[in-house]
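The structure appears below as structure tokens.
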Number of protein chains: 2
Amino acid sequence: MADTALKPSNQSLDTVIAALRDLLGDRLSTANAIRDQHGHDESYHHGSLPDAVCFAHSTEEVAEIVKICSAHEVPIIAYGTGTSLEGHVIPTRGGVTVDLSQMDAVIEVNPEDLDCTVQAGVRRKQLNEYLRDTGLFFPIDPGADASLGGMSATRASGTNAVRYGTMRENVLALTCVMPDGRIIRTNRRARKSSAGYDLTRLMVGSEGTLGIITEVTLKLYGIPEAITSAVVSFPDLEGAVNAVIATIQCGIPIARIELLDDVQMDAINRYAGLDYPVMSTLFLECHGSEASVAEQATSMGEICADFGGANFQWTSLAEERTKLWQARHDAAYAAKALRHNSVLWATDVCVPISRLAECILETKQDVVDSKLVAPIVGHVGDGNFHLAFVMAEGDEEEFKRADALNDRMVERALSMGGTCTGEHGVGTGKMKFLQAEHGDAVSYMRMIKKALDPKNIMNPGKIFTV
Amino acid sequence: MADTALKPSNQSLDTVIAALRDLLGDRLSTANAIRDQHGHDESYHHGSLPDAVCFAHSTEEVAEIVKICSAHEVPIIAYGTGTSLEGHVIPTRGGVTVDLSQMDAVIEVNPEDLDCTVQAGVRRKQLNEYLRDTGLFFPIDPGADASLGGMSATRASGTNAVRYGTMRENVLALTCVMPDGRIIRTNRRARKSSAGYDLTRLMVGSEGTLGIITEVTLKLYGIPEAITSAVVSFPDLEGAVNAVIATIQCGIPIARIELLDDVQMDAINRYAGLDYPVMSTLFLECHGSEASVAEQATSMGEICADFGGANFQWTSLAEERTKLWQARHDAAYAAKALRHNSVLWATDVCVPISRLAECILETKQDVVDSKLVAPIVGHVGDGNFHLAFVMAEGDEEEFKRADALNDRMVERALSMGGTCTGEHGVGTGKMKFLQAEHGDAVSYMRMIKKALDPKNIMNPGKIFTV
């Protein structure tokens, strides 16, 4: 929602827009259609228009844009694909949105070092298509086909995180334009370093509030020799979750272990014309050598059977696996399609795995009691799950019920040693929980923000107010 | 070396020492023997005495100590086991050393979540002994039996990092006393989170300059079902390094792959009464299921043979493996024993693996040309290796030759996209390289330091001067 009291003056904006037009020509736009497109993300949060949108082509150009905005204290919002889920890219105080989607070059791939460097606007699917002939891949896969700059900025993860980690573990280095317009490189390509403060990890997850990520150096992995996937149905949610917990506690190096509840399975069947049983379900995948994958599959079969898993079928066929995981990645869109003219509110929490069953079951009971349409789906191997409220557009009463349920779920997760967001980020949506989660630590986050961005121009009003 | 111009006034010190004595009784010491013991680390750097040493027993006590020192702007140096290698714990400006070694309680182990929380003074071997009955272990193993607080503060790693990561990847959360004396918890126990700035990773590797780590929450791992280790000799250094590179590029999930050159093997034989061939050697270890370990061992055998590896013998016997890895962990002590009355200077760099052979071979040639005694040993699977200068005590000319060689090695590593230190940290020893490595990024590290520690009392003069 717009915070008009904190918007820059018209005079500042006019000066900045004129200077940006000199710099960028027609890659500076104040057209309503363009501003509209950059005024919201994929969340339920109310949008708010930027005063102008820049389409940057290089790190140096971003630096010039930041210098111009900084001189006049005009807010700057970095924008990748607009697929954030907690209002991250919404210009709540107006200002200039810097769209990085045209910075979509793969700068270098070093197959022998298992790394690559890309411009921030490269999307995850684009990178994997580019890499196909090298035998390498990049595993982090949030639901959306997000940009790697945006994924870094929100500390994204996805279905493979249980084995390969999140953006936190997979970003080796960043090029960033800092709030004063200087360009820094946060690290070298070495796999590890003890040389100074970890600015890479500070920028990963900073949601555009400390600077703009313009280039990302990523770890890559060899495409496994063997991959096998499966879908398993369980008689109840508890059995499915407990099978996951047992898998993690046994140390099986599972690559993907995803939970979808009965409501989500129904949504997927309807959306993609599939006929999975409408039951609590796990989607699984094993990566490794032929022998290792066979061994993992056998262990998984035994564990799932112990918890009532049935209709177990493994497939190694690429086509079938792609179909299976596309269905999983479309979960949010499938949920949204459950109701006409619906608004989707996707929220997430993450807890220690020993508390996962309790947390999911209590949340599911809340959903049932609330009479809301809200499928549960999650990267449960990490203790991370999502609730997607499918709400009637403009129904304030339904929104309030969802809001109350979300509050209860976050409080539950925090009381179990968990976090208010496992992978979506804070944006504006989770701001109210930050103090409860981090206590006094938030004041040191604020000190860092004030030190690096004393004018509070980088995506102001996100994560916390300063 | 002492920087007397920047030492606190005698009056401030007297006031602080009196207040600390009120707080701690005889756990505050100004005895020369105790100050001596805390005036140096295991590096070649000249020592400098603290004005007093506190032995803390709790986080709250550390907070009181910090508040007292802060009020009078007296430097505070956190001290674990004193095994740092770049002068980290040397009180170059005097002040109060806070010895955390008596904070050695394992606070909780959560076997079902594969994590534990320990006080900062718990040592790595102590933790693994404590964990033995749980079937879990903590893999990070620098050469010394260091404290987990110190290992966090220097972003340590060790022989298992190629598979399990470094302290960066394995610290889930920290309790820290910040420069103003407030206590924070940097994260919850959830495996992942997108909730705000990553203060955990900021504190890991900050070398006591941003606060004092008092408790550490760590990831644990199941002890592998099968473990097998081997020692392989190579006709030349190039063959050994290229075997490592091939292993990493093939994606073999090796747990340990360590290089020791001929000089180091000779040192180990003499130190431990062993009879390994005096050749370039790899120490290897595979972890996993029986089938997976057998598969890895077969692949490793083929790769090593391709590069001339010989005398290959795998062992799964715990006793033999322990002996083998103890020999590896004693490498520095063995090197020091090569000469009587010697001073050891252990330095390290880390490069992308594609440049590792070139970097090691050029460095080895430098060592040969310099006529210095300086074995090479390294965690080469990460691209990380060490040079240990074994110098005659007080021989300034020899020190200068070592210094020049170290400069050349670091410049070489930086020119190859590497870092001036892979795991030892900056301390005072690598300060001069920080700007060359990070450029303008250093100025943002300084901004963070100034914001969090405006009085510059936390381990001042380390990493950079402010």
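The values are calculated or read from the model by the stated rules, or taken from the named source; none is laboratory data. Source: prediction; values computed, not measured. No Cβ is skipped: glycine too gets one built from the backbone with ideal geometry, and neighbour counts run over all protein chains shown.
Remarks
- All positions within segment B:439-466 that are farther than 14 Å from B:THR92 by Cα and either in contact with a Gly (Cβ under 6 Å, 6 or more places away or on another chain) or in the same structural domain as B:PRO352 (by TED's automatic domain parsing) (or both): B:MET445
- Extreme residue, modelled with the lowest pLDDT, among residues of segment B:266-310 that are more than 14 Å from chain A (Cβ to nearest Cβ) and touching a Ser or Thr at 6+ places or on another chain (Cβ under 6 Å): B:ALA310
- Reported count of residues in segment A:191-201, each being more than 7 Å from chain B (Cβ to nearest Cβ) and in a loop (DSSP other than H, G, I, E, B), is 0.
- Filter result for B:VAL204 (more than 9 Å from chain A (Cβ to nearest Cβ) and modelled with pLDDT of 95 or more): no
- Restricting segment A:241-265 to residues that are more than 24 Å from the chain's Cα centre (by Cα) and in contact (Cβ under 8 Å) with a residue 40 or more places away in the chain, the residue that is farthest from the other protein chains (Cβ to nearest Cβ): A:ALA243
- Leading residue by the ranking (surrounded by the fewest Cβ atoms within 10 Å (Cβ to Cβ)) among those in segment B:337-380 that are in a loop (DSSP other than H, G, I, E, B) and within 14 Å of another protein chain (Cβ to nearest Cβ): B:PRO352
- Residue match in segment B:211-232 (condition: surrounded by fewer than 17 Cβ atoms within 10 Å (Cβ to Cβ), closer than 30 Å to B:LEU338 by Cβ and away from every other protein chain (no Cβ under 12 Å)): no
- Number of positions in segment A:401-427 that are at the interface with chain B (Cβ under 7 Å from one of its Cβ atoms), of a type outside the set (D, E, K, R) and either within 27 Å of A:SER48 (Cβ to Cβ) or out of contact with any Gly (no Cβ under 8 Å at 6 or more places or on another chain) (or both): 8
- Tally of residues being surrounded by fewer than 20 Cβ atoms within 10 Å (Cβ to Cβ) and over 21 Å from B:GLU238 (Cα atoms) across segment B:274-294: 6
- Listed by position, the helices (runs of 4 or more DSSP H) inside segment B:1-103 whose residues that are without any contact (Cβ under 8 Å) to a residue 12 or more places away in the chain and surrounded by fewer than 19 Cβ atoms within 10 Å (Cβ to Cβ) number at least 3 are B:10-24.
- Residue check: A:PHE312 meets all listed conditions (1) farther than 25 Å from A:SER157 by Cβ; (2) part of a helix (DSSP H, G or I) but one, namely (2).
- Restricting A:SER280, A:SER299, A:SER292, A:SER316 to those that are outside the structural domain of A:VAL367 (by TED's automatic domain parsing), farther than 20 Å from A:ARG163 by Cβ and small (Gly, Ala, Ser) reduces the list to A:SER280.
- Scoring B:ASN456 on the criteria (1) surrounded by 22 or more Cβ atoms within 10 Å (Cβ to Cβ); (2) more than 11 Å from chain A (Cβ to nearest Cβ); (3) among the polar types (S, T, N, Q) leaves a single failure, condition (1).
- Residues of segment A:280-300 classified as in a helix (DSSP H, G or I) and more than 13 Å from A:SER229 (Cβ to Cβ), total: 7
- A:GLU423 satisfies every condition listed in (1) surrounded by 24 or more Cβ atoms within 10 Å (Cβ to Cβ); (2) at pLDDT below 95 except (2).
- Of all residues making up segment B:151-179, the number that are closer than 22 Å to B:GLU64 by Cα and in contact with a Pro (Cβ under 9 Å, 6 or more places away or on another chain): 1
- Going through (1) out of contact with any strand residue (DSSP E or B) (no Cβ under 9 Å at 6 or more places or on another chain); (2) at pLDDT 95 or above one by one, A:ALA56 falls short only on (1).
- Test: residue in segment A:428-450 that is more than 7 Å from chain B (Cβ to nearest Cβ), in a loop (DSSP other than H, G, I, E, B) and not aliphatic (A, V, I, L, M): yes
- Top-ranked residue of segment A:297-311 - restricted to ones that are out of contact with any Phe, Trp or Tyr (no Cβ under 7 Å at 6 or more places or on another chain) and touching a residue at least 60 places away in the same chain (Cβ under 8 Å), ranked as nearest to A:ILE245 (Cα to Cα): A:ILE303
- Within segment B:104-113, being farther than 21 Å from B:SER29 by Cα and surrounded by fewer than 24 Cβ atoms within 10 Å (Cβ to Cβ) holds for B:ALA105, B:VAL106, B:ILE107, B:GLU108, B:VAL109, B:ASN110, B:PRO111, B:GLU112.
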